[in-house]
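Peer 1: Okay, here's the structure, questions in a sec.
The values are calculated or read from the model by the stated rules, or taken from the named source; none is laboratory data. Source: prediction; values computed, not measured. Methodologically, a virtual Cβ is constructed for each residue, glycine included, from the backbone with ideal geometry; neighbour enumeration extends over all protein chains shown. Protein only, heavy atoms only, side chains kept; ligands, DNA and RNA dropped before computing areas. Shrake-Rupley method; radii C 1.70, N 1.55, O 1.52, S 1.80 Å.
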Amino acid sequence: MKILILSTSVGALSSGIGGGVELTIYNLIQEMQRRNHIVKVIAPKGSKISHANIIEIEGNLHIPAQTQTRDIPITMPKNSVLANMWEYARQIQSDYDVLVNFAFDWLPFYLTPFFKTAIAHFISMGSLSDSLDQIMEKIARKYPQNVAVYTQSQANTFPFAQFCQILGSGIDLSLYQFKEKAEKKLAWLGRIAPEKALEDAVKASEITQIPLLIFGKIQDENYWQNILQEYPKAPIEYKGFLSTIDLQKELGNCQALLMTPRWIEAFGNVAIEALACGVPVISYARGGPAEIIIDGKTGFLVTPDSIDGLVGAIHRIPEINRYDCKQCAEEIYSLTAWGNNFENWLKTIVNN
Ligand code: UDP
């Protein structure tokens, strides 16, 4: 197949602003190229992926939907990068069998019936906006094969759950090294933003006095500063936004990954990255992580928003066999298994 990927419009690829969708796009390019498909990517200027053929597009970035309220009208920045990306896609569409949209935004859904080449929409977050839900539902009903998500929990946040193809996620396991023994440290990783509720992990670290290493892009600087001011005694250390290679090295040394999503996490790529290193995951029992973690075997699922729940699970970490974590990642979350799902989905659309 000739596949044209249209990236998220909230940030350049490899900037970290796009969160897990950046890793998903990275992996998709690698896996589809390995299967001899021709892949090109249209992405905001500054996007960098070593193995990808990227067309960089100028324009202003869009505001991430999760920073807005549900009822806010659709807005577009002046000289929108998303509009510019899709204008370019319109011109070259006939060279491709399928276009794959990764932007969680109104415009690509609205444009779908106006394109001659089929558009596959991969939705990377749960429901966040009434207007967006409405246009997504319209397209999902009109093209019942063309909309896909990560998990069933994510699909269930939308009024068109029955039309969502569930693709899961996968990672290049060869990049993650298994670490049999951990140091007395916990990890938290992801975009530093309110929907991820980092403060809950910081509180748990303060109570247990086990150091918490924090990795990820600071997306909301005020939110981060407030955490530092509110918990001056918590043994936390900010390690920055690391590349996968460096991240997995540090992560593998930790006793567990804490996931504290306040929202319904669509998947949580960080969960499978931790498992791949043999690191158990302690998470609130909601969204994607609740589908990924096998409670008592690869980590613990605790009552959402309960700090006591996190602390209780931290004390139970020695019950987990780190080999079980690694094995779970290998059995379910390989790039090949996920690549099969994604490839079959695209083939169905192209052959339709
Ligand atoms: N990440 C990274 N370096 C870091 C911290 C995080 O590359 O130092 C990446 C991580 O590999 C994951 C993404 O950030 O792919 C976070 O994605 P996730 O699916 O967990 O959440 P999202 O941000 O999409 O809500």
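Peer 1: Tell me, which strands (runs of 3 or more DSSP E) wholly within the range 39-158 include 1 or more residues that are open to solvent by 30 Å² or more (accessible area, probe 1.4 Å) and of a type outside the set (A, V, I, L, M)?
Peer 2: 54-57
Peer 1: Next up: Do you know which residues across the range 159-185 are buried (at least 18 other Cβ atoms within 10 Å of the Cβ), under 22 Å from residue 22 (Cβ atoms) and free of Cβ contacts under 8 Å to residues at least 60 places away in the same chain?
Peer 2: Result: 164, single match.
Peer 1: Specify the residue that is farthest from residue 176 (Cα to Cα); the eligible residues are those in the range 224-249 that are near the ligand (Cβ under 8 Å from one of its atoms) and assigned to a loop (DSSP other than H, G, I, E, B).
Peer 2: 241
Peer 1: Mind checking whether some residue in the range 176-193 is in a helix (DSSP H, G or I) and either of a type outside the set (Gly, Ala, Ser) or over 22 Å from residue 269 (Cα atoms) (or both)?
Peer 2: First, pick out the residues of the range 176-193 that are in a helix (DSSP H, G or I): none.
Looking for residues that are in a helix (DSSP H, G or I) and either of a type outside the set (Gly, Ala, Ser) or over 22 Å from residue 269 (Cα atoms) (or both), one finds none in the range 176-193, hence no.
Peer 1: Taking the options 195, 221, 230, 250, name whichever one is open to solvent by 20 Å² or more (accessible area, probe 1.4 Å), of a type outside the set (Val, Ile, Thr) and touching a Pro at 6+ places or on another chain (Cβ under 8 Å).
Peer 2: Numbers: 221 fails: touching a Pro at 6+ places or on another chain (Cβ under 8 Å); 230 fails: touching a Pro at 6+ places or on another chain (Cβ under 8 Å); 250 fails: touching a Pro at 6+ places or on another chain (Cβ under 8 Å).
Testing whether each residue is open to solvent by 20 Å² or more (accessible area, probe 1.4 Å), of a type outside the set (Val, Ile, Thr) and touching a Pro at 6+ places or on another chain (Cβ under 8 Å) leaves just 195.
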